[in-house]
Amino acid sequence: MSQLDHSIKQQQVNSRKTLWFIVAFLLITVAGLLYVKWWPYYHKAILAADTHSIGSSILGDSSNHQIPFWQSALDYAKVYFQSVWKAAVLGILLGSLLQVLLPTQWLLKVLGKTSFGSTAVAGLAAIPGMMCTCCAAPIAVGLRKKNVSVGAALAFWMGNPLINPATLVFMTFVLSWKFTLIRLVFGLIITFGVSYLANRFAKDLQPIDLDQVVTIEEPKGTFMIRWFKSIGTMIMYIVPAYVLSVLVIGAARIWLFPHIGESTANSLMAVLLFAVVGMLFVIPTAAEIPIIQTFMSLGLGGGPAAALLITLPAISVPSLIMVARSFPKKVMYFVMGSVVVIGVISGLVGWMLL
């Protein structure tokens, strides 16, 4: 066999191997999402349609200042992790597997550009994920480790919670179609608009020449060695910070969500307050719905409720800490500021319509 024939045969073998890796990743993703998200959310949608509720607020009695801060932290962390642990495990699994199963060349050709196209593809890919911002964070980290563009990684990260179709269905049944419309409009603006613009704050990073992408080599070593290294690194750097930050945020919920009197329940001050608080606080998928439902039953106005509608699911302190090493600081500040500003605008719209 000539050298040329051997090279062609090796390329064919590598192509088949790459195809099997992609298929394996897709099968694991579909199976995981079916078990963790799609099937449970199907039943939750039926519950929402029948009862106009998807459960009680995860905040519990956030007005009780008699509870020691450490007890508040443990109580919230327990409820929170009971709700998200399956999705969190799936997020870490997928975030590590995409680093070793998906070929760098293929990912960069699809998601490596700073164009709106790459951002749009990543945002659309987020729709079936239906993860909260923390559970989607390991996948965003994995994408950045493969040198996917800042805009694409952000669109996937924030698109998961903001344009989650299951959450939109729950919201329509529990709150109203007006809430759903506001969430969809501003969720799309953040997912595709803010993510795309964030590319401009990452110009200090070395751009990838996609014409030379064929020269990129995959890491050496067997699949298991590379995967263990990938998942080990992810667990070491993400899990401790994740757990600790959730404890801190859980302890602070008493001060983050203060009691608001009737005179300020639908004021501009309340809109600003909840826009900032929502950006900082951490919740599981769709938990903003019972939180808003409970607050409105206690007299909260449509303005602050609409602000929470956007900022609560979009990002949080724990999720920001989880992805902080993967994005430039300027990008993180831009995202935080943009979420708060758009949350305020959403609150003003809700002030008029809700």
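Once you have the Cα-Cα distance between L124 and H52, take 0.36 nm times their residue separation minus that, and quote the gain in nm to one decimal.
My answer for the length gained is 23.1 nm.
Order of 331-342, 93-104 by packing, highest average Cβ count within 10 Å first?
93-104, 331-342
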Tell me the label-point distance for the pair I28, H259, using the 7 Å Cα-to-Cβ offset, in nm and rounded to one decimal.
5.1 nm
Where in the chain are the DSSP H helices whose alpha-carbon span along the long axis reaches 20 Å or more and whose Kyte-Doolittle mean is at least 0.5?
69-101, 223-256, 329-353
Among I127, I310, I22, determine the one that fluctuates most according to a GNM of the chain built with springs between C-alpha atoms less than 10 Å apart.
I22
Give the label of the value calculated from the structure for Cα extents along the principal axes in Å, choosing from [x] 84, 37, 35; [y] 59, 54, 34; [z] 92, 46, 35.
[x]
For the pair S297 and S115, the simple spin-label estimate (label points 7 Å beyond Cα toward Cβ) gives in nm 5.0 nm
Out of I22, A120, I58 - ranked by how far each Cα lies towards the positive end of the dipole of the chain, with unit charges on the beta-carbon of charged residues - the top one is I22
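Give K145/K229; K113/K145; K145/K329; K78/K229 a once-over and call out the pairs whose C-alpha atoms are over 18 Å from each other.
On the way: K145/K229 13 Å; K113/K145 15 Å; K145/K329 16 Å; K78/K229 29 Å.
The answer is K78/K229.
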Using alpha carbon centers only, region 119-175 is separated from region 74-92 by a whole-angstrom value of 18 Å
Total charge of the residues flanking W157 in space, meaning their Cβ is under 15 Å from its Cβ, with Lys and Arg +1 and Asp and Glu -1, is +4
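For Y333 and W20, what is the calculated FRET efficiency with R₀ set at 51 Å and r taken between the beta-carbons, to the nearest 0.05?
Once the sixth-power term is evaluated, E becomes 0.75.
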Using only DSSP helix segments of four residues or longer, with each worth -39500 (n - 2.57), what per-residue ellipticity at 222 nm results for the chain after dividing by its residue count and rounding to 500?
-23500 deg cm²/dmol
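Each reported figure results from applying straightforward, stated rules to the coordinates on display, with no laboratory input. These numbers come from a predicted model, not from an experiment. Backbone-built Cβ (ideal geometry, glycine too); neighbour counts: all protein chains shown.
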